[in-house]
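Asks: Sending over a structure as structure tokens; questions will come in a sec.
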Amino acid sequence: MLHKKDKKMEVSAIENGTVIDHIPAKVLFKVIAILGLDHIDKPITFGTNLDSKKLGKKAIIKLSETFFIDKDINKIALVAPQAKLNIIKDYTVVEKKVVEVPDEIIGIAKCVNPKCITNNEKIVTKFQVISKREVQLRCHYCEKITNQENIVII
Amino acid sequence: MKNKSLVSITDYSKNEYLKIISIADEFEKQSVQPIMQGKVVANLFFEPSTRTRLSFESAVNRLGGRVIGFSDTLSSSVTKGETLYDTIKIVSSYCDLIVMRHPLEGSARFASELTTVPLINAGDGANQHPTQTLLDLYSIYKTQGTLENLTVFIVGDLKYGRTVHSLLMALSQFKTTFHFISPDELKMPDEYKFYLHRLGLDYYERKELASGVEKADIIYMTRVQKERFSDPIEYEKTKNAYVLRNKMLAGTKDNLKVLHPLPRVSEIEQDVDLNPKAYYFEQARNGVYVRQAIISAILGLK
Ligand SMILES: [Zn+2]
């Protein structure tokens, strides 16, 4: 359980929007890139290197007036499979969501195979997700498998 | 199969394999059939592969079609930095079918999704070479009279050999029992073994070739290449263990045939060549009939 002091620091309330919690601290910037948060003009608050029993160090993102469709938010499952979303309306959590790795990944990740055409010509990558628990991606083009530990976000 | 590109062996179904085999059989009986008149095939070889290219050219010629293209990138616009995307977009409008060989893996899938005409993958790096697999299937069918329930020994480099992996995927549709014979460093990757396991097919793994081949209907030999070994001493120690010698064929089944995708280095002794069980040279000749069959099926001519 969080101490009272931490709690105050982490939950500076937003009126309407989305809170993404339980992001491993080391992938915060990947999550920012995947969701394209650098192009959003609404207020965003980031917290990182916060203590977490489950993740060691975690990060949290609070986005005012911003909501995601499942298809978009599920993309972060590649790097933050335990991420949790709180949808806030009028200072109240109206919905909680977990992310799920989609069946197909388009763009986002790089193929692990240096001899793959996608690493040599300007091509949007495409993968079939063949395992979701320990994420494994099969490249649509070269058919090689990229494992979780080798996933590089473009 | 009309207009259906052939990029990976798994793009075609079991029935489509059998259809290709039966058309190839027609071409073996009557190879010159000018049914392709007025059709143009673009042979795009982004890396040299003389045998494969000539085999396709011979197939098109016997069908009465025309071939355009290039046999390496030195003389083509590719050296001027043109992207594969642009090359394929342009060539698509010049021909009825593209045959492509390219050193990068996945290039064939990418190109097949850009073209307006069908494409045959003649090898994309270490990934796929499906016409080789279909000619292997044809050779097995011809020598055994069936593809069902055979016992197939695959010998040599089972880790990196793309022909071996494609052959496994194709044969697994026919309830094959596999025997994998390789050094530890070059064993069949787990993903293929899991695949066979899921299909409920038996497979056996061994390090020795010297004995135990009595059960084989087919022995499929491959090259064991020095550069695949992390330790050159290990290569020197193991290379002779995967050489097939004529005396090893004593006591094997009458219907046994020895196959090899060629070129061989030293993995089949020359004394095997005279044994009627050696089939690798006929296997290479089958390549033309099988490519005639694939081309005419894709163009909807058969
Ligand atoms: Zn790839």
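Asks: Name the one entry in A:Lys71, A:Lys89 that is modelled with pLDDT of 90 or more and of a type outside the set (Gly, Ala, Ser).
Replies: A:Lys89
Here is a yes/no grid of residues against (1) buried (at least 20 other Cβ atoms within 10 Å of the Cβ); (2) modelled with pLDDT under 95; (3) not basic (Lys, Arg):
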residue	(1), (2), (3)
B:Gln173	no, no, yes
B:Asp184	no, yes, yes
B:Met188	yes, no, yes
B:Lys193	no, no, no
B:His197	no, no, yes
B:Asp202	no, yes, yes
B:Glu205	no, no, yes
B:Leu209	yes, yes, yes
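Asks: Still on this structure, please answer the following. Hey, which of the strands (runs of 3 or more DSSP E) in the range A:45-154, taking only ones fully inside, have at least 2 residues that are charged (D, E, K, R) and either open to solvent by 70 Å² or more (accessible area, probe 1.4 Å) or more than 14 Å from chain B (Cβ to nearest Cβ) (or both)?
Replies: A:56-64, A:84-89, A:92-98
Asks: Among residues belonging to the range A:108-154 that are of a type in the set (Lys, Arg) and without any contact (Cβ under 8 Å) to a residue 24 or more places away in the chain, point out the one that is farthest from the ligand (Cβ to nearest atom).
Replies: Here the answer is A:Arg133.
Asks: Whether any residue in the range A:99-107 is without any contact (Cβ under 8 Å) to a residue 60 or more places away in the chain, farther than 26 Å from B:Gly106 by Cα and not polar (S, T, N, Q) is what I want to check.
Replies: Yes, that holds for at least one residue.
Asks: Which residues, taken from the range B:156-166, are open to solvent by less than 10 Å² (accessible area, probe 1.4 Å) and either of a type in the set (Gly, Ala, Ser) or touching a strand residue (DSSP E or B) at 6+ places or on another chain (Cβ under 7 Å) (or both)?
Replies: Within the range B:156-166, B:Gly156, B:Leu158, B:Val164, B:Ser166 meet the criteria.
So that you can scan it fast, the table gives a plain yes or no per residue for (1) basic (Lys, Arg); (2) surrounded by fewer than 22 Cβ atoms within 10 Å (Cβ to Cβ):
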| residue | (1), (2) |
| --- | --- |
| B:Asn15 | no, yes |
| B:Asp25 | no, yes |
| B:Lys29 | yes, yes |
| B:Thr50 | no, yes |
| B:Val99 | no, no |
| B:Phe110 | no, no |
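Asks: Here is a follow-up. Only one of (1) in a helix (DSSP H, G or I); (2) over 19 Å from B:Met100 (Cβ atoms); (3) touching a residue at least 12 places away in the same chain (Cβ under 8 Å) fails for B:Gln33. Which number is that?
Replies: The number of the failed condition is (1).
Asks: Could you check the range B:244-266 and list, in sequence order, the residues that are open to solvent by less than 10 Å² (accessible area, probe 1.4 Å) and assigned to a loop (DSSP other than H, G, I, E, B)?
Replies: Across the range B:244-266, the qualifying residues are B:Leu256, B:His260.
The values are calculated or read from the model by the stated rules, or taken from the named source; none is laboratory data. Being a predicted model, the structure only gives us computed values, none of them experimental. Note that we place each Cβ from the backbone using ideal geometry, even for glycine, and neighbour counts take in every protein chain shown. Only protein heavy atoms, including side chains, enter the accessible area calculation; ligands, DNA and RNA are left aside. Shrake-Rupley method; radii C 1.70, N 1.55, O 1.52, S 1.80 Å.
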